[in-house]
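Notes follow once the structure below has been shown.
Only the coordinates and a few stated rules stand behind these numbers; no lab work does. None of these values were measured; they are calculated from a predicted model. Cβ: placed from backbone, ideal geometry, glycine included. Neighbour counts: every protein chain shown.
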Amino acid sequence: MASLNVYSALVVLFLTCGAAMATKENDHIIRENNCKTKMALACVLEAFTSIFETGSISNKCCGELFVLGKVCHSAFVKRTLENPLFKDLSPATIIAKSIQTWNNCLALIDSPSPSA
């Protein structure tokens, strides 16, 4: 019985340390890449809504997301998923929506604009 308690304590410690390390890693990526200064708040909200809720992202904000870069985009999504407020969301679903939003924006950026 004592070994079960020790084992449980080790599992909890491992999971807690892993989550703390992931948070520090994402924070480091965000800080090192100066991610917080690359998008206007309105576009951050559009991107958030398109990933974590039901919404779309405008062409203008797709351009800002592209400038933000995939590394910053991924770090922000992962850090948001670590927030206890979002514990009930499916990480797999959110990651899929994040990739879909990125790919949709990339397609908009890569497609030639209609001529005037």
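Values for this structure:
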{"item": "Peptide ranges 65-73, 79-87 listed from the most packed, as the mean C-beta count within 10 angstrom indicates", "result": "65-73, 79-87"}
{"item": "Scattering profile of the stretch 41-116 at q = 0.22, 0.24 Å⁻¹ [log10 I(q)/I(0), Debye over alpha-carbon scatterers]", "result": "-0.98, -1.14"}
